[in-house]
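Participant: Here it is, the structure in full.
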Amino acid sequence: MTARLTAEQRAERASLFGNLRDGLRPVGPYVWRLPSGRRLLEIPVTTMPVLKVPFHLSYLLYLARYSEP
């Protein structure tokens, strides 16, 4: 927010983080249809139910250090 970017640079970066609608996409693999006509298979990261917060193995390994077996 404090970066001194031109309007063009801000517009270019606006799509980097997505929007709320992107958070409602399916959590299983799906195919993007690109403007060039090609297709791209996307396999999303594992997420927690409901909130769809990414749940990474590294976090599980971190928690395992402190939890009881």
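The values are calculated or read from the model by the stated rules, or taken from the named source; none is laboratory data. Remember, it's a predicted structure, so these values are computed and weren't measured experimentally. Note: ideal-geometry Cβ built from the backbone for every residue, glycine included; neighbour counts use all protein chains shown. For the accessible areas, the whole protein counts, side chains as well, though only heavy atoms, and no ligand, DNA or RNA atoms are used. Shrake-Rupley method; radii C 1.70, N 1.55, O 1.52, S 1.80 Å.
Participant: Could you grab the pairs with beta carbons closer than 7 Å, sequence gap of 6+ or different chains, first residue in the range 1-28 and in contact (Cβ under 8 Å) with a residue 24 or more places away in the chain, second one open to solvent by 70 Å² or more (accessible area, probe 1.4 Å) and of a type outside the set (Asp, Glu)?
Facilitator: Every condition considered, the pairs that remain are Gly23/Lys52; Val27/Lys52.
Participant: Taking the condition assigned to a loop (DSSP other than H, G, I, E, B) and of a type in the set (S, T, N, Q), does Ser58 pass?
Facilitator: Taking the combined requirement at face value, the residue does not satisfy it.
Participant: Within the range 1-14, work out how many residues are in a loop (DSSP other than H, G, I, E, B) and open to solvent by 90 Å² or more (accessible area, probe 1.4 Å).
Facilitator: Final tally of qualifying residues: 3.
Participant: Still on this structure: Please state which of the following conditions Pro35 fails to meet, knowing it meets all the rest: (1) touching a Pro at 6+ places or on another chain (Cβ under 9 Å); (2) open to solvent by 90 Å² or more (accessible area, probe 1.4 Å); (3) in a loop (DSSP other than H, G, I, E, B); (4) not basic (Lys, Arg).
Facilitator: If we test Pro35 against (1) touching a Pro at 6+ places or on another chain (Cβ under 9 Å); (2) open to solvent by 90 Å² or more (accessible area, probe 1.4 Å); (3) in a loop (DSSP other than H, G, I, E, B); (4) not basic (Lys, Arg), just (1) comes out false.
Participant: Report, by residue number, each residue of the range 38-55 that is over 17 Å from Gly23 (Cβ atoms) and either open to solvent by less than 70 Å² (accessible area, probe 1.4 Å) or without any contact (Cβ under 8 Å) to a residue 12 or more places away in the chain (or both).
Facilitator: Arg38, Arg39, Leu40, listed by residue number.
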